[in-house]
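Asker: Here's a structure for you.
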Amino acid sequence: MRWWDIDPVLVLEKELFPDDAWSRGMFWSELAHARGVGSTRRYVVAYEGDRLVGYGGLAASGELADVQTIAVARDHWGTGLGSRLLTELLRHATAFEAAEVMLEVRVDNTRAQKLYERFGFEPIGFRRGYYQPGNVDALVMRLTTENTTEEKNHG
């Protein structure tokens, strides 16, 4: 992701996450940490023609990486794009030499939970009221990096 991707990312962000969308400043801040020798972030985007149809981001610190966000346009759900974005983020986690990858997912987002489970993520707890202002709980999931090279069940 580059600075010129932020506007189309914000359009998709607001469409998919109307109650808790990230702000322009949040994306700018993340991108500021994605450049240079000491970078700790990787953000990827997917386009179909001129239209942004997906994006994802990863933060790394020491041996821990965290999937910050992943989003796919509704008309691309079920196409494998989410798997491709997650594969790319996990490739970056390996490059960062992360031993574990963590993420939070809304408890009501079973589609995303199933994707993460196919990659070997396991639920380890909850964060009560994590998604605001809707006060929706997050399921915390973890993956150890020996499982990150490809989807466990290939599909």
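The values are calculated or read from the model by the stated rules, or taken from the named source; none is laboratory data. Keep in mind it's a predicted model, so treat the numbers as computed, not measured. Don't worry about glycine lacking a Cβ; one is built from the backbone with ideal geometry, like all the others, and counts go over all protein chains shown. Remember, those area values only see protein heavy atoms, side chains included, never the ligands or the DNA or RNA. Shrake-Rupley method; radii C 1.70, N 1.55, O 1.52, S 1.80 Å.
Asker: Carbon and sulfur together cover what percent of the accessible area of the chain at a 1.4 Å probe radius?
Answerer: 49
Asker: By average Cβ neighbour count within 10 Å, what is the ranking of 6-12, 18-24, 32-38, 107-113 from highest down?
Answerer: Highest mean packing first, the order is 6-12, 107-113, 18-24, 32-38.
Asker: Kindly point out which whole DSSP H helices in the chain project their C-alpha atoms 18 angstrom or further along the helix axis while averaging a Kyte-Doolittle hydropathy of -1.0 or above.
Answerer: Helices meeting the criterion: 81-95.
Asker: Could you point to the residue in Ile124, Trp77, Leu58 farthest towards the positive end of region 23-155's charge dipole, with +1 and -1 charges on the Cβ of Lys/Arg and Asp/Glu respectively?
Answerer: Positive-most Cα among the choices belongs to Trp77.
Asker: Taking the Cα centre of the chain as origin and charging only Cβ (+1 Lys, Arg; -1 Asp, Glu), how large is the dipole, in debye to the nearest 20?
Answerer: 80
Asker: Is the chain rounded, prolate or oblate when judged by the Cα gyration tensor, a ≥ b ≥ c being the square roots of its eigenvalues, rounded requiring a/c under 1.5 and prolate requiring a/b larger than b/c?
Answerer: rounded
Asker: Right, here's the next one. Give the shape of region 43-117 as rounded, prolate or oblate, defined through the alpha-carbon gyration tensor: a ≥ b ≥ c are the square roots of its eigenvalues, a/c under 1.5 means rounded, and otherwise the shape is prolate if a/b is larger than b/c and oblate if not.
Answerer: Cα axes put region 43-117 in the oblate bin.
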